[in-house]
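The values are calculated or read from the model by the stated rules, or taken from the named source; none is laboratory data. Please read these numbers as outputs of a predicted model, since none were measured by experiment. So basically every Cβ, Gly included, is an ideal-geometry build from the backbone, and we count neighbours across all protein chains shown. What goes into the accessible areas is simple: the full protein's heavy atoms, side chains included, and nothing from ligands, DNA or RNA. Shrake-Rupley method; radii C 1.70, N 1.55, O 1.52, S 1.80 Å.
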Amino acid sequence: MRRRMAGAVVFGVLVAGCGGDDLFDQLTRSDDDPTEDISNDFVDEPDEPVTTPPEPDDQPTDPGSDPGSDPGSAGGDSAGTDSDGAGTVEFDPADFPTIAERSIDQTVLYGMVEWSIEEMIVVDLDADIQPGDQPQGVEITFPARVYNGGGGTTSVNTTPIALQWDDPATGDTFTVSVQPDFRDVPAQSFTSGELRVVLPHEDRAIFDDDSAYLLVGRPGVTPATVAIGSAVEPVDRLLVPQDTAGWTFEIEGEDTARRDIADTVTVTGAEVRWSGPEGQPLEDGNSLLQIAYTIENRGEGQTCSQRSEGGWVLTLPNGDAVNDLRVSERCVSAGDTVTGILTGFIIPTEDYAGDYVLLHSRGSGATNPSGEVEITLVEDDGILLSGDD
């Protein structure tokens, strides 16, 4: 319960000086006439006392009938008293709404870490609350399994995770932090643990079950959404593979240095994701098309793509174009074939489905021969980095 603290009142003491004859003279005069009252010589007459009749509520009562002395006595508060003797308010069951446990079974991806949330367990900390006790709320636990799809050991406990819900009347969003409790996870490995949150009494009373969800990741950086309430659309951020059948083209001609180029380019894999090439989450409003491709050099000399960015160009459905994020392998010797070369493109939208043009040029001069292919990206179910079904 909240208690009001009385403010301390500081009284100033006014000391008045005495006027008139010297005090020694007055005392001497009193010795001459013992019957003389010397107090009037230097002490003011007191004001006439004013008596104010007590209010009815201030009338003294029998100690046995004190409303705060005994919760069970006549006229007492049925909710009892707190440690300061103040009356408590009876608990209203509406202040302690039930939050039901449930199965969740959803996997989301943030960066290169998969979070598989299995269920929601609820412990009512106020189940045995007594009058005068301070409400504690509820403890909610989400048993989970995580997979680290990155290339090194990572601490998943640093991932920001929150329990959120919306106010149906105002649309305001309420947020309570969630604490992950997991061991560090080696690369390409699993570990199990749990997410824990204590929902205070004040938040429990306004909790909206239908709109509740877990936000996995930092707001503004393509977080994932684990649906708790029935009105929430899950956002899993899983990788979405694309069908690359027919993503093949030829590059033939001379570059500026008059070198003959005869390369066959075949895109062998493509996926849309919400993290960069190093696994870092992208800012909201962006996605990444990552491709793997093969270069077959059918010519008589080595061929290379240009240094840095720009060897690849992706033309978007609206006609705008973006350069690649560099390539993992630039050059292919005469007669050789290099597979598994990687590059990617930041698409400035999360609604990526549509028709694109994919162009690649070979050579190191100002003008180079190039080839292109029209491709279509589709929104589909994502796949797990872990490969689990």
Calculated FRET efficiency for the pair Val176/Ser230, C-beta based, R₀ 22 Å, to 0.05: 0.65
Residue-by-residue Karplus 3J(HN,Hα) for segment 338-355, coefficients 6.51, -1.76, 1.60, Hz, glycine and proline x: 10, 10, x, 6, 10, 7, x, 9, 7, 9, x, 6, 8, 8, 8, 4, x, 9
Which order do the peptides 99-107, 294-302 come out in when sorted by mean C-beta neighbours inside 10 angstrom, highest first? 294-302, 99-107
What spacing in nm lies between the two simple spin-label points modelled at Glu101 and Asn157, each 7 Å away from Cα in the Cβ direction? 2.6
Segment 333-389: relative contact order in percent, alpha carbon pairs under 8 Å with at least 6 residues between: 29
Computed over segment 154-249: relative contact order in percent, which uses C-alpha pairs under 8 Å that are six or more apart: 24
Per its Cα gyration tensor (rounded if a/c is under 1.5, else prolate when a/b beats b/c, else oblate), segment 269-319 is best filed as prolate
In order through segment 127-134: 3J(HN,Hα) via Karplus (6.51 cos²θ - 1.76 cosθ + 1.60), integer Hz, x for Gly, Pro: 4, 10, 5, 10, x, x, 6, 8
For segment 103-229, the percent of accessible surface on carbon and sulfur atoms (probe 1.4 angstrom, ligands and nucleic acids excluded) is 44
Long-range amide H contacts for Ile104: which residues qualify at under 5 Å (H placed 1.01 Å from N, peptide plane, sequence gap of 5 or more or a different chain)? Glu119, Met120
Residues whose built amide H sits under 5 Å from the amide H of Leu238, excluding neighbours closer than 5 in sequence, are Leu109
Given a Förster distance of 51 Å, the FRET efficiency implied by the Cβ-Cβ spacing of Glu296 and Glu119, rounded to the nearest 0.05, works out to 0.50
Kirkwood Rh over Cα pairs of segment 194-338 into Stokes-Einstein at 25 °C, 0.890 mPa s: D in µm²/s? 128
How large is the convex hull of the Cα atoms of segment 248-334 per residue, expressed in Å³ as a whole number? 117
Pairs of alpha carbons in segment 274-376 whose separation is greater than 24 Å (percent): 25
